[in-house]
Each structure stands twice: as structure tokens, then as C-alpha cells.
Amino acid sequence: LPGNYQSEVLDPFIDDMTQQVSRSLQFYLASGSGREQPEKILVCGGCANIPGVAEVISSRVGISAEKGDPLGQMKLSSRAKAQAVQRDATALLTACGLALRSFD
């Protein structure tokens, strides 16, 4: 990666993402009466793997944020490559949710 990657690409991206989280939170709170501010934000998807992103969101939005783990309570097959699955876990949230629908 180029030397200016952090300042030219990553920092503006994290700023935009944080702004979108803040706007979504404001919309959520304004869209219904009696809605309370969430206690925690779960950061999921591939962007959750950006080092420090949950901490930046938490400090700018004022709500505790942490990297979501959709596989935290699931048992992995012995054939699964645990390290690879954990690396990609935050990007598997939608797939896990769709897979769990068959158990309802």
C-alpha cells in the first residue's frame, strides 16, 4: 500500500462510516416515540476488521461499540479451518442469519 494510505484513504473512509452510523442512530431515535438510545453498537461486515474502527465509532458516537461475532455461540465443524472462519466471522453475519432461519 502507498505510504499515504492511512491519511488519504483509510481515515476519510472511517470518518464517512462513523458519520453514517451517527445518522442511522439519529434516524432510529427520531422515527419512533419512546425509543431509547442503544447500549451498544455491534460493528459487523468486512469493515469491522479495520484495526481500531469500533473504538473510533464509540468515541465519536458516544455509545460503546465492539466487533460483532455471529459465530460466538456456534460450534464449528472439526473440518472447518477455525482461524480462517474467525478471520471472516464479521463478514458472515448475513449468511449466519439466513442459515438460522431454517431452524425457526
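Please treat every number below as a calculation from the coordinates, not as lab data. Note that the structure is a prediction, hence the values are computed from the model and not measured. All Cβ positions, glycine included, derive from the backbone under ideal geometry; neighbour counts span all protein chains shown.
Each Cα pair under 8 Å and six or more residues apart adds its separation to the average, and for the chain the resulting relative contact order is 24 percent. Computed about its Cα centre, the charge dipole of the chain is approximately 460 debye, with only Lys, Arg, Asp and Glu carrying charge at their Cβ. Cross-link reach is defined here as a Cα-Cα straight distance under 17 Å, omitting same-chain residues fewer than 8 places apart; for K67 the lysines meeting it are K40.
Per-residue 3J(HN,Hα) values for segment 33-47, derived from phi via the Karplus relation 6.51 cos²θ - 1.76 cosθ + 1.60 with θ = phi - 60°, read 6, x, 6, 9, 5, x, 7, 8, 10, 9, 8, 10, x, x, 5 Hz in sequence order (x marks Gly and Pro). By its C-alpha gyration tensor, with a ≥ b ≥ c as the square roots of the eigenvalues, how is the chain shaped: rounded for a/c under 1.5, else prolate for a/b larger than b/c, else oblate? The shape class here is oblate. With contacts taken as Cα pairs under 8 Å and at least 6 residues apart, segment 22-76 reaches a relative contact order of 33 percent. Residues within the reach of a label modelled at Q26 (point 7 angstrom out along Cα to beta-carbon, backbone nitrogen below 16 Å), restricted to segment 43-57: there are none.
Amide H contacts of K67: V43, each under 5 Å away and 5 or more positions distant or on a separate chain (H built 1.01 Å from N in the peptide plane; Pro and chain starts excluded). The stretch between C47 and D16, if pulled fully straight at 0.36 nm per residue, gains 9.9 nm over its current Cα-Cα span. Helical content of the chain, expressed as a calculated mean residue ellipticity at 222 nm, amounts to -13000 deg cm²/dmol (DSSP H runs of 4 or more residues, -39,500 (n - 2.57) each, divided by residue number, nearest 500).
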